[in-house]
1. Does region 107-132 hold any residues that are touching a Leu at 6+ places or on another chain (Cβ under 8 Å) and charged (D, E, K, R), and which are they?
2. What number of residues within region 153-208 are among the charged types (D, E, K, R), touching a helix residue (DSSP H, G or I) at 6+ places or on another chain (Cβ under 9 Å) and either at pLDDT below 95 or not in a helix (DSSP H, G or I) (or both)?
3. Of everything in region 45-59, what is surrounded by 20 or more Cβ atoms within 10 Å (Cβ to Cβ) and farther than 26 Å from Ala221 by Cα? Give them in sequence order.
4. Among the numbered criteria (1) without any contact (Cβ under 8 Å) to a residue 40 or more places away in the chain; (2) of a type outside the set (Val, Ile, Thr); (3) open to solvent by less than 20 Å² (accessible area, probe 1.4 Å); (4) touching a Ser or Thr at 6+ places or on another chain (Cβ under 7 Å), which single criterion is violated by Phe124?
5. Write out, first by first residue and then by second, each pair whose Cβ atoms fall under 6 Å of each other, whose residues are 6+ apart or on separate chains, and whose first residue, in region 128-150, is closer than 13 Å to Ile192 by Cα while the second is in a helix (DSSP H, G or I).
6. Answer yes or no as to whether Leu283 is open to solvent by 60 Å² or more (accessible area, probe 1.4 Å) and within 28 Å of Glu344 (Cβ to Cβ).
7. For region 315-327, what are the residues that are out of contact with any Lys or Arg (no Cβ under 7 Å at 6 or more places or on another chain) and either open to solvent by less than 60 Å² (accessible area, probe 1.4 Å) or hydrophobic (A, V, I, L, M, F, W, C) (or both)?
Amino acid sequence: MKVKKSLALGMAACMGMQLLCACSRQRTDKIEKVQMGVTCYDQSDTFISSVIDSLKEQLGQYQNEGVTATVTVMDAAGLQRTQNDQIEELISSGCNVLCVNLVDRTDPSEIIDLARKNNVPIIFFNREPVAEDMLQWSELYYVGAYAEQSGVLQGELAAEAIKADNGIDRNRDGKIQYVVLEGEPGHQDAIIRTETAVNTLKENGILLEKLSYGIANWSRAQAQNRMTQMIGQHGDKIELVLGNNDDMVLGAIDTYEKLNFTKASWPVFFGIDGTDVGLEAVLDGRLAGTVYNDKEGQAGAMVKLAVALVIGEGMDEIEFEDDRYIYLPYRKVTSGNAGEFLAE
């Protein structure tokens with residue numbers, strides 16, 4: 001009887017040791033390999049390309065912190081169907097977190113269904129899904145900036161320049177004749193940036209006369225075409241050009257240069273995003289000002305969130321709005337501080 005009792009005690013002790021070892025393995029065998037899959041609406045977009053470059057750089061820094069990190073980037077080239085297929089491919093290849101810059105912000109359901117089915121969290125960036133879609137699953141997040149703030153700051157920059165230089169009103173009629181280069185039709189950032197910039201100018205006492213607008217889909221090349229058309233209609237009446245992003249405003253400047261307008265006859269130009277080429281244009285005086293969209297901050301927020309989601313640590317260190325949104329502030333850029341932003 002004593003032998004049986006000793007045997008039973010010994011078996012129990014062994015089982016206890018096995019359980020202890022298993023628990024120990026559970027605590028230490030956390031996932032330390034971050035396999036990030038990124039798909040963007042169009043990698044030829046200068047700002048999006050810059051965000052992805054910064055993301056790659058910052059993700060690589062985690063290699064020195066005991067986390068193995070890889071990233072696969074895909075370009076949907078403006079096609080939502082292509083992006084849906086890319087998500088499936090990224091998940092099949094083993095990606096355990098996704099960063100998605102939507103082609104169509106109103107149509108993320110298939111992407112969300114695929115991610116939820118495979119339990120792969122999504123960080124949407126730059127193009128914010130509608131609020132109802134963000135509620136489809138608890139593992140959906142967004143990193144970006146407030147479009148309204150960018151429009152307000154652009155309007156303030158333009159108002160400050162007009163008040164400081166009465167020569168901008170070239171025809172001396174007390175009003176500023178302006179045109180707008182807009183992003184995609186129906187895109188929330190394009191609509192908000194335009195409306196808030198114009199309203200801010202008016203709130204600052206600037207009398208405006210809208211001559212025209214052109215949809216240029218965030219593209220420098222398309223903006224050249226639209227600006228050529230508007231110059232053909234309005235000639236040298238245009239005194240102010242507002243662009244929803246730097247690339248489109250630079251396309252407008254390209255047109256004036258191509259048509260050999262003297263710089264004294266140019267309107268003033270204001271952009272948004274603070275891309276490197278935009279900042280350089282501010283420094284050389286072709287662009288009067290822009291609004292810095294913090295690509296480094298957004299990329300860093302995505303990397304920190306992605307790593308926390310995969311390894312299961314650090315979520316409590318991230319500051320969210322409404323539990324799943326991260327917004328980075330915009331900042332004004334003029335010739336006086338453009339160099340500082342370029343150095344970043």
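1. Arg127
2. 6
3. Leu55, Leu59
4. Failing condition for Phe124: (4).
5. That search, which allows pairs on different chains as well, returns Ala147/Asp189; Ala147/Ile192; Ala147/Arg193; Glu148/Ile192; Glu148/Thr196; Ser150/Arg193.
6. yes
7. Listed by number, the residues that qualify are Met315, Phe320, Arg324, Tyr325, Ile326, Tyr327.
Yes/no matrix, rows are residues, columns are (1) surrounded by fewer than 13 Cβ atoms within 10 Å (Cβ to Cβ); (2) under 20 Å from Ala197 (Cα atoms); (3) of a type in the set (D, E, K, R):
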residue	(1), (2), (3)
Glu239	no, yes, yes
Asn244	no, yes, no
Tyr256	no, no, no
Phe261	no, no, no
Ser265	yes, no, no
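The values are calculated or read from the model by the stated rules, or taken from the named source; none is laboratory data. Computed from a predicted model, the values in this text were never measured in an experiment. Note that each Cβ is placed from the backbone with ideal geometry, even for glycine, and that neighbours are counted across all protein chains shown. Ligands, DNA and RNA are excluded from the accessible area calculation, which covers all protein heavy atoms including side chains. Shrake-Rupley method; radii C 1.70, N 1.55, O 1.52, S 1.80 Å.
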